[in-house]
Amino acid sequence: MGKYVCKRLGMALLTLLIITFLLFLLVRIMPGNPFPSERMSAEQIANKRAEMGLDDPILTQFIRYMGNVLQGDFGKGTSLYNGAPIRTVLSTAISNSFRIGGVAILLGTLVGLALGITAALNKGRFLDGFCTVFSILGVCVPSYVFLIFLQYTFSFRIPFFPYFFDPTRFAFSSVIPAVSLSLFTMSTIARFTRNEMVEVFDSDYVRLAEAKGMYGRNLVMKHVLRNALIPIVTVLAPLVVDLLTGALVVEKIYGINGIGKLMVDAIAGEGIDYNYVLALGILYSALYIGIMLVVDLLYGVLDPRIRVASKGEEA
Amino acid sequence: MKKLLSLMLALAIVASCAIPAMAEDKYLGVMLGTNVMSLDTNLATDGDSFEVIADCIDGLLQMDADGAAVPAIAESYDLSDDGLTYTFHLRDAKWSNGDAVTANDFVFAWRRIAQEAGEYAYMLDEIGNIKGAAEIISKQTDDLTTLGVTAADDKTFVVELNVPVSFFPSLMYFPTFYPINEAFYNSLEEGTYGTSPETFLSNGAFVLEDYTPGTANLSVKKNPDYWDAARIQLPGIKYQVVGSSDNALTAFRTGALDVVMISGNQVAAAEKDAALSQNLKVTGAGYMWYLSFSQTDKNAQGGKLANANLRLAITNAIDRDNLVDNYVMDGSLATYTAVPPQFAASSTTGADFSADQDMFADYVGYDPEKAQAYFEKAKEELGVDTFEFTMIYGNNEGDEVAKVAQAIKEDVEDALDGLTINLQPMTKAERLDKMQNDNYDVALTRWGPDYADPMTYLGMWVTNNSNNYGFWSNAEYDQLIADCTTGAYITDYDARWDAMYKAETLVLQEAVIAPLYTKANANLITAGVEGIDFHPVALNRVYKDTVIK
Amino acid sequence: MAKKELQLQAPAAPYVPVKEDFVLLTKRDIHTDTNFASQSYWKGVFTHFFKNRRAVVGLVIITVILLLALFGPLMNGFGYRDIVQYRNEKNKRVVAKGISPQIPAIHRLLTGEEPEGNFADYTFLFGTDDLGRDLWTRTWYGARVSLLIAFVTIIIDMIIGMSYGLISGYFGGAVDQVMQRFVEIANSVPRLVIVSVLAIFMPKGMGLVIVALLLTEWIGMSKIARAEMLKIKEQEYVLASRTLGARNGHIIFKEILPNTIGPIITQVMFSIPTAIFTEAFLSFVGVGIVLPQCSVGTLIEDGFNNITTLPYQILPPIIVLALLMLGFNFIGDGLREALAPKLEDM
């Protein structure tokens, strides 16, 4: 296993390098300007580009950039917070998004599993129907609509939670965004759990377990849920990445300084901020690749028959 | 579920009782429309950043409630007889680290602006006409001492100009001209100036209390060492970035914010509410929205929009009253002049340059029949019956822009049979990029005044100006503008004023642009908050006289 | 008890078991198969599907939405881009904007009086938007775009996503490595970046939206299909099939695919709203459909911008989307049960 993980990590670095290079090229092709201006002359803009090294051959630029990144320097913005080093801006945003997203993931997964199991055990009855409607609404209504609803109800009508995000009262003021962000995950997990469990209930081995006299919580937890978990983990993984990297509209409405808003500001704000797009792209890809590796390893744990690694690599 | 609800309710009641009556030194809660992008005067380009910078730093002069330039760090100033040398006499003022504010702080800051040659460097050369600025900005020289600014002594700051600039004092309250403490700046790690309260010095009414780049909430608190500290009543200001005007309205109603800006639909809702309508205050935002037409062969079906009659047809087909009454709805003014009203007044008569909106009624107005007549003429001249143009507009430039674009499309297609306008949203940056590279037909765009003189608009349509997005060229116009900025009229105030009217006529009789409306801001202000100065130019909100009663 | 009686009888007759001999330990009902054996597979699927009441309800919902999308915009005099307005005596335009749902006929019936006020005698079933356009017309006009997106998503998921995942999972090893690294690359370039670049080379509009969906929309599905494949390919029947000499294509699509259908259908259903909102986002940034055209996604976004001042505006598109999803889910569940013969509902 250790050998396999090492190999995967090596591959991950290579993939990350390819992605970074691709992004490096694409942002330069995108329409728009890293130095948006209505008052600078063409000459001034050309000077700015030259100062940033944007006129050098693309490979020279890329190697220089990667060299800086390896030293932990992501440069600074060209149109976004252009005085400050990206590292400082990003660290606050990461801390905010990760913490709020983390709570949303936990909440969504746990409640989603509970809902799904309840629905599966009550298949065809009222609770099952309720769960179906809940999960459909949860994916049809965008999280920011839930946010406005919760904000309106619990910060305005009943003024209990703060109306805007307040970093000095982090836990308290992240309840509303975390709950609204969790609903999509909750619905998806609930639906997948329900459908998977219903299917597993009907499989031969559960029949066998039932025939052997196994029932109740023991049966559900030991046999049914474990087997249903593989697709659940699979759908959960990209949701985890999405939640950790923030949600634009929720962050914008609730006043959270997070990754989602930063990304859209970097691409579609005042100008295209090459350095921000790249830094955020590297962050997102690294997270995605890492979580996919974890998922592949989890498969083997959940079902020992599954071997993602090919034969020689398992040792 | 019921239990849960009643528990929540009980908690809520306990919580609301637990919050004590507001403490006496309550900060003013103010909404910002966008994040503060930079607190460095060299890098800041947006109104929200300028506002926060101006809370903390005083320039040589400051704005009074009416927007006139009055003394700040400079106690007084003298102007030489030839109008070319300003000598500012500085008062005793302190930076928040205890250093005295000296003439050298201005020399350092201004040289830095010229050297870095950023967005607002043009205030030094094109607008202010400061000696040597153009050469440094265009990198012809890197000798910063050639800039016409000198510190005669610690308290005397001298500026030399190339030509007399009648509105020069009014530039001095613009943040680009604010000082920076050189010793402090040099003590910081590169790139960290203005990124936290520790790396930012204040000499103004407030000091920075809480700020990180990218934050959605920041605060400033009263500066006890401010030279005019007795004037400042507010204990501090707490800024909150609010991303949607719908949310701003609710935030105001909860009391979370004292000053918010709302847009059309929310204004309509607030006006219906007896209590809220008391809090509504409309202020001029200064900038004018207009249509720009590309007049080169590259676009618009091989340059069809170079035909003045076609442009006149479009500008006469747009019902501007309908735009502001039904779609913008925030008190914005329908505009029929190339220089918008309410920002530039004559210093001899005090009259607003564009007070008379019917001045150009022959060329700009709403008259579908006249539009049709122009259209027939254009069709004849061009030998074509159908036209199809794309209109680009920004999707991140305010709630009303998409509505306005659609209303214009309906009006124009209604009045001019055979003309189709396709809408194309994009980011503001991409729109500017397309306009600057002449890669568009029609654009819905805007311009805000940088200083209180009609030239901030009229200067745009000079041949080869970077803001002349229509690529229009007229020798007579160029001559008039040259006379007003560097030539015959610079010392004759009234003749200059008249020449500018002549220039404006040239722009409008050929419909180089189609003016649409002058934007206003609809603010909601908590009862008891008084003395916020709103300005259409440079600094939108100033809190030096603000009190909470 | 039947057993004992039988034992007393003559041993010559062999024992024939009867249904009562077997009792289930658990309480769940298990239906016995009555018609599967006697019919061909697809005929069976068909029969089972239409016997499922929820599946039929789902089909009806989708049909009604389809019909309304086709004919709804024609059912009153308003076009999707018509602004309802008139000029008053001062020659000022009065626009029917921000009118909440109203039906004058009901008003007359209830009060016996003519409704009063501007536009009070117009029927606006869903109200009007903030430009003064009828939302009934716009909602159904928008449903056309979103239905198209939904069907395209289903096809992308079922063809690209499923095959990609199944193949990657089945072959494993180096093939899987390369295919999964490709997924990571495809997924990591922000959609806004790739779409903006694409927009340089092809016209903006629905075509571009579909290309954008083609680029990344199948990834979720491929992950699910791959996970199922990894789970199933180690089972005995696959080994048996391979031993008997079945070719890979046969094993993947004929032997394993039918056993992965459950999670695949669930994934298809849940990727539809995401795709519909993706279209709305792309349209907002200017690479999708342009105003005054609309889709369910863009209508929801418009409604959201005025949610506290014109709250009725967001309801019709959300309800249409939810009904669409409910319909698709019922159909999906019905299909799942009809396609997989092992399920108890057979």
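If you find the alpha carbon centre of the range A:54-75 and of the range C:119-144, how far apart are they in angstrom?
Value for the Cα centre distance between the two parts: 53 Å.
Can you give the percent of C-alpha pairs in the range C:103-172 whose distance is more than 15 Å?
Details: 1709 of 2415 pairs.
Cα-Cα pairs in the range C:103-172 separated by more than 15 Å: 71 percent.
So if R0 is 60 Å, what FRET efficiency would C:ARG242 and A:ILE63 give, r being the distance between their Cβ atoms, rounded to the nearest 0.05?
Numbers: r = 48 Å, r/R0 = 0.81.
Plugging the Cβ-Cβ distance into 1/(1 + (r/R0)^6) gives 0.80.
When only C-alpha pairs under 8 Å and at least 6 residues apart count, what is the relative contact order of the range A:1-125, in percent?
On the way: 32 pairs, mean separation 17.2, N = 125.
Normalised by residue count, the contact order of the range A:1-125 is 14 percent.
If you average over every viewing direction, what projected area does the convex hull of the Cα atoms of the range C:133-227 give, in nm²?
Details: hull surface 30.0 nm².
Directional mean of the projected Cα hull area for the range C:133-227 stands at 7.5 nm².
Please compute one quarter of the surface area of the Cα convex hull for the range B:100-242 and express it in square nanometres. Show your work: numbers first, answer last.
Numbers: hull surface 41.1 nm².
Taking the Cα atoms of the range B:100-242, their convex hull projects to 10.3 nm² on average.
Compute the distance from the alpha-carbon center of the range A:236-315 to that of the range B:106-160, in whole Å.
The distance from the Cα centre of the range A:236-315 to that of the range B:106-160 comes to 47 Å.
For the range A:86-314, just the Cα set please: Rg and Dmax, both in angstrom.
Rg and Dmax of the range A:86-314, Cα atoms, are 20.4, 67 Å.
Using all C-alpha to C-alpha distances in the range B:245-376, build P(r) with 10 Å bins and read off the rounded percent in each one.
P(r) over the range B:245-376, rounded to whole percents: 11, 29, 27, 22, 10, 2.
What is the local net charge at B:ALA361, summed over the other residues whose Cβ is closer than 14 Å to its Cβ (Lys, Arg +1; Asp, Glu -1)? Don't skip to the end; give the middle numbers.
Numbers: positive: B:ARG320, B:LYS370; negative: B:ASP321, B:ASP356, B:ASP358, B:ASP362, B:ASP367, B:GLU504.
Result for the neighbourhood of B:ALA361: -4.
Taking every pair of alpha-carbon atoms in the range C:184-294, give the share separated by more than 19 Å as a whole percent. The partial results should precede the final answer.
Numbers: 3500 of 6105 pairs.
Beyond 19 Å sits 57 percent of the P(r) for the range C:184-294.
So, R0 is 56 Å and r is the distance between the beta-carbons of B:LYS26 and A:LYS212; what FRET efficiency does that work out to, to 0.05?
On the way: r = 71 Å, r/R0 = 1.26.
With a Förster radius of 56 Å, E is 0.20.
Could you work out the pair-distance distribution P(r) of the range A:1-141 from its alpha-carbon pairs, with 10 angstrom bin width and percents rounded to whole numbers?
9, 21, 23, 19, 16, 9, 3, 0
When the helices in chain B are scored as -39500 (n - 2.57) per DSSP H run of 4 or longer and the sum is shared across all residues, what 222 nm value do you end up with, to the nearest 500 deg cm²/dmol? Don't skip to the end; give the middle numbers.
Working: 17 runs with 164 residues, N = 549.
Only helices count here, giving -8500 deg cm²/dmol.
Along Cα→Cβ, 7 Å out, is where each label goes; now give me the distance between the ones at C:TYR15 and B:ALA152 in nm to one decimal.
Output for this residue pair reads 12.4 nm.
Across bins of 5 angstrom width beginning at 0, how are the C-alpha pair distances of the range B:225-277 distributed, in whole percent?
4, 16, 24, 17, 11, 10, 9, 6, 2, 0
Based on DSSP H runs of at least 4 residues, each adding -39500 (n - 2.57), what is the mean residue ellipticity at 222 nm of chain A after dividing by all its residues, to the nearest 500 deg cm²/dmol? Walk me through the intermediate numbers first.
Values: 14 runs with 220 residues, N = 315.
Theoretical 222 nm ellipticity from helices: -23000 deg cm²/dmol.
Fewest Cβ neighbours within 10 Å first, please rank B:HIS89, C:HIS250 accordingly. Present the calculation step by step, with values, prior to reporting the outcome.
Values: B:HIS89 17, C:HIS250 13.
Ordered by Cβ neighbours within 10 Å, fewest first: C:HIS250, B:HIS89.
What's the Cα-based Rg to Rh of the range B:40-87, Rh via Kirkwood? Don't skip to the end; give the middle numbers.
Working: Rg = 13.4 Å, Rh = 12.6 Å.
The Rg/Rh ratio comes out at 1.07.
Compute the Rg/Rh shape ratio of chain B: radius of gyration over Kirkwood radius, all on alpha-carbon atoms.
Working: Rg = 25.1 Å, Rh = 25.3 Å.
A ratio of 0.99.
Per the Cauchy relation, a quarter of the hull surface: what is the mean projected area of the convex hull of the alpha carbons in the protein assembly as shown, in nm²?
On the way: hull surface 228.4 nm².
Spelled out: convex hull of the Cα atoms, projected over all directions, averaged, 57.1 nm².
For the range B:209-257 and the range B:431-495, what is the centre-to-centre distance using only Cα atoms, to the nearest Å?
Result: 36 Å between the Cα centres.
What's the local net charge at B:MET391, with K and R +1, D and E -1, over the other residues with C-beta under 9 Å away?
Values: positive: B:LYS409; negative: B:ASP441.
In short, 0.
Would you mind calculating the gained length between B:ASN186 and B:GLU369 on full extension (0.36 nm times residue separation, minus the Cα-Cα distance), in nm to one decimal?
Values: separation 183, 0.36 × 183 = 65.88 nm, distance 6.55 nm.
Contour length minus Cα-Cα distance gives 59.3 nm.
Taking neighbour counts of Cβ atoms within 10 Å as a proxy for exposure, in what order, fewest first, do C:CYS294, B:CYS56 appear? Provide the component values of the computation, followed by the final result.
Details: C:CYS294 29, B:CYS56 23.
The most exposed by this proxy come first: B:CYS56, C:CYS294.
For A:197-204, what's the mean count of beta carbons from other chains sitting within 10 Å of each residue's beta carbon?
Numbers: counts 0, 7, 10, 1, 4, 8, 3, 1.
Average neighbour count from other chains, rounded to a whole number: 4.
For the pairs B:LYS544/C:LYS92; C:LYS43/C:LYS231; A:LYS252/B:LYS519; A:LYS48/A:LYS261, flag any whose C-alpha to C-alpha distance is greater than 32 Å. Walk me through the numbers on the way to the answer.
Values: B:LYS544/C:LYS92 42 Å; C:LYS43/C:LYS231 29 Å; A:LYS252/B:LYS519 24 Å; A:LYS48/A:LYS261 26 Å.
From B:LYS544/C:LYS92; C:LYS43/C:LYS231; A:LYS252/B:LYS519; A:LYS48/A:LYS261, over 32 Å: B:LYS544/C:LYS92.
Only bridges with both residues in the protein assembly as shown count here: give the DSSP antiparallel percent, nearest 5. Spell out each step's value before the answer.
Values: 61 of 77 bridges.
Beta bridges within the protein assembly as shown, antiparallel portion: roughly 80 percent.
With N set to the number of residues, divide the alpha-carbon radius of gyration of chain C by 2.2 N^0.38 Å and report two decimals. Intermediate results must be reported in sequence, preceding the final value.
Numbers: Rg = 27.9 Å, N = 346, 2.2 N^0.38 = 20.3 Å.
Cα Rg divided by the expected 2.2 N^0.38 Å: 1.38.
Excluding same-chain residues fewer than 8 positions from A:LYS123, which lysines have a Cα within less than 19 Å of its Cα?
Answer for A:LYS123, where 19 Å is the Cα cut-off: C:LYS27, C:LYS51, C:LYS342, listed by chain and number.
Using each residue's phi in the range B:274-283, evaluate 6.51 cos²θ - 1.76 cosθ + 1.60 at θ = phi - 60° and report the 3J(HN,Hα) Karplus result to the nearest Hz, with x for Gly and Pro.
Whole-Hz 3J(HN,Hα) from phi for the range B:274-283: 4, 5, 5, 5, 5, 8, 6, 9, 9, 10.
Mind giving me the FRET efficiency for A:LEU13 and C:LEU198? R0 is 25 Å, r the Cβ-Cβ distance, nearest 0.05 is fine.
On the way: r = 28 Å, r/R0 = 1.13.
Between A:LEU13 and C:LEU198 the formula returns 0.35.
Pop out the Kirkwood hydrodynamic radius of the range A:29-84 from its pairwise C-alpha distances, inverse of mean 1/r, in Å to one decimal. Mind showing how you got there, number by number?
Details: mean 1/r = 0.0788 Å⁻¹.
So the Kirkwood estimate lands at 12.7 Å.
Please identify the longest segment of chain A free of exposed trypsin sites (Lys or Arg not before Pro), where exposed means a DSSP state other than H, G, I, E or B and no more than 10 other Cβ atoms within 10 Å. Before the final figure, lay out each step's value.
On the way: sites that count: A:ARG125, A:LYS212.
Counting at most 10 other Cβ atoms within 10 Å as exposed, the longest clean stretch of chain A is A:1-124.
What Kirkwood hydrodynamic radius, in Å, does the range B:177-328 give when the mean of 1/r is taken over all pairs of distinct Cα atoms and then inverted?
Numbers: mean 1/r = 0.0484 Å⁻¹.
Taking every pair of different Cα atoms in the range B:177-328, averaging 1/r and inverting gives 20.7 Å.
Looking at C:SER241, A:SER173, A:LEU23, which one has the Cα that reaches farthest to the positive end of the dipole of the protein assembly as shown (charges on Cβ: Lys, Arg +1; Asp, Glu -1)?
With unit charges placed on the Cβ atoms, the residue in question is C:SER241.
Is any residue of the range B:433-459 close enough, with backbone N under 20 Å, to a label point placed 7 angstrom from the Cα of B:LEU79 along the Cα-Cβ axis, and if so, which?
The answer is B:450-457, whose backbone nitrogens lie closer than 20 Å to the label point.
Among C:GLY165, C:MET75, C:ALA150, whose Cα projects farthest towards the positive end of the dipole of chain C, with charges put on the beta-carbon of Lys, Arg (+1) and Asp, Glu (-1)?
C:GLY165
Just so you know, all these numbers are worked out from the coordinates, no wet-lab data involved. The shown structure was predicted, so the numbers you read here are calculated from the model rather than taken from an experiment. Note that we place each Cβ from the backbone using ideal geometry, even for glycine, and neighbour counts take in every protein chain shown.
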